[in-house]
Amino acid sequence: MEKLDMSTKFSINKVIDIEENPFDRQKRIPGWNQEKLKNAHVFVIGAGAIGNETLKNLALLGIGNIHIADFDTISTSNLSRTVLFRKADKGKKKAKVAAMRTKELALEEDVSIDYFHGDVVWELGTGIFRSMDLVLGCLDNVETRFAVNRRCWLANTPWIDAGIYELGGHVTVYVPPEAPCYQCGATKEQLAAARRRYSCDDFKRSVFEEGKMPTVQVTSSIISAIQVQEAVKFLCGQKVESGKKIYFQGRVNDFDILTLNKSDNCYGHATYPEIIPLPLSNSMSLRKFLEFVSKDELSGAGATLDFRSDRTFVQSVSCKSCGTEIELNKPSFRIFDTETICKNCITKGGDRSDVSRSEQVSPKRTVLEFNLTQTAENLLNMSLLQLGVPYRHVVTVYDSKHNYKYYELSLDNPFIQI
Ligand SMILES: [Zn+2]
Ligand SMILES: [Zn+2]
């Protein structure tokens, strides 16, 4: 029998994939714009169950600039819902591992991925949010949702919230400034839940019950898919419905669309009239900062840094047991309830944690406004970071005539590149 000419027989296989582009199929979808996805800066907050799915999706879609934030470390109970984590990752930073694995999966050649391991609520300033095209909330708590919502409104950056529970979940697109925001429809229970980490003194609780949500990987996969599909539509410039909550009930396969109402009294709606970027960082001393903004072309002599409605700096607090003044000199979010008992009282009665956690409010001395003439020397020598100013924050400064200006500390970059 005549030998088969192998090259002829299999020649048909040679025509496959003339277009060697991983995004070929999705680019065929009407309205798709791969260039816009490549140039987009997307900020994923939370690298847990939803975050893992969302990052995997962004990597395969070819999003060009992915930023990740989470404060947590990987535990064994996370592994069943986190495609990016391995058994050997236990104890490592979620944000860092997620960033590394997302980079491995990313199909965009020039992808840029960085991460921030820390507290999004207090440590990331409005300028970070301003530098993003879109924020994806992959969160499991109300407090961070409120904080992200507020920053996004201040920065005029859209965000998409996703949440899961048992076999269902929800996704909502929020586009400032006109649409209703996350806080508009906040219930009393949500407002209370947002304060779970804090004592009645506004200090951090040393002990609090961490909620354990019943959920499963397939749910986060479904909900993340909806979130990312909305993200793609938005980034490609297609129509997305802002302020409409998409509810999915997995038990009965039912979708509901809930139209949210805008509340006129909602303080989550605050915006800045104008943000002025300055080549400054929160690592500079308060004195240096005040000298800089006291220039005539900025706020002039008498410039005052105003913390009101943003954060609280605590100089001292009265001991909850004996009333002695305890020097703290820290922002309230870095103070634990156990620090409200003086050293003498601790020596006398063990750790006195029962007293420190009591619901009685102890008088405290706070500083909310800072300027070169009235602020104490020891505070002027502290850095803005020590005073509690987050990275790349937009700080509020008023001049001698009480005209307000909003300055962004543009030199800060707390993200670590992978
Ligand atoms: Zn609102
Ligand atoms: Zn005491």
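Structure summary
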read-out	value
Folded to 0 to 90 degrees: helix 94-105 orientation relative to the chain principal axis, Cα	20 degrees
Backbone N within the stretch 250-285 under 19 Å of label point (7 Å from L191 Cα along the Cβ vector)	261-270
Over the chain: helical MRE at 222 nm, DSSP H runs n ≥ 4 each giving -39500 (n - 2.57), nearest 500	-7000 deg cm²/dmol
Choice from R334, R25, R392 with maximal GNM fluctuation in the chain (Cα, 10 Å cutoff)	R25
Per-pair calculated FRET efficiency, R0 = 25 Å: D72 and S358 via Cβ, rounded to 0.05	0.30
Mean Cβ neighbour count within 10 Å, used as a protection proxy, ranking 321-329, 120-128, 306-314 highest first	120-128, 306-314, 321-329
Three-way shape call for the stretch 142-220 based on the alpha-carbon gyration tensor, with the a/c threshold at 1.5	oblate
The stretch 93-173 shape via C-alpha gyration tensor axes, a/c threshold 1.5	oblate
Whole-number accessible area per residue in Å² for the chain, which is evaluated in the context of all protein chains at 1.4 Å	50 Å²
Unit charges on C-beta of K, R, D, E only; dipole of the chain, Debye	760 debye
Protection-proxy order for peptides 269-277, 206-214, 111-119, each taking the mean of Cβ atoms within 10 Å per residue, highest first	111-119, 269-277, 206-214
Alpha-carbon centroid distance for the pair the stretch 187-243 / the stretch 286-330, whole angstrom	32 Å
Accessible surface of the chain, 1.4 Å probe, proportion on carbon and sulfur as whole %	52 percent
Phi to ³J(HN,Hα) by Karplus 6.51 cos²θ - 1.76 cosθ + 1.60 over the stretch 247-253, Hz, x for Gly, Pro	9, 10, 9, x, 5, 10, 6
DSSP beta bridge pairing in the chain, given as percent antiparallel to the nearest 5	60 percent
Crossing angle, helix 217-235 versus the chain [Cα axis fit, 0-90 degrees, rounded to tens]	90 degrees
Using a Förster distance of 30 Å, the FRET efficiency for K87-N413 (Cβ separation, nearest 0.05)	0.35
Accessible heavy-atom area order of K288, K38, highest first, probe of 1.4 Å	K288, K38
Highest-MSF residue in the chain out of H402, H67, H170 [GNM, Cα springs under 10 Å]	H402
Degrees separating the helix 142-155 axis from the principal Cα axis of the chain, which is the longest one	90 degrees
Computed over the chain: relative contact order in percent, which uses C-alpha pairs under 8 Å that are six or more apart	17 percent
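The values are calculated or read from the model by the stated rules, or taken from the named source; none is laboratory data. Predicted model, so just to flag it, every value in this text is computed and none were measured. Neighbour counts run over all protein chains shown; Cβ positions are idealised from the backbone, glycine included. When the accessible area is computed, the model is the full protein with side chains, heavy atoms only, and any ligands, DNA or RNA have been set aside. Shrake-Rupley method; radii C 1.70, N 1.55, O 1.52, S 1.80 Å.
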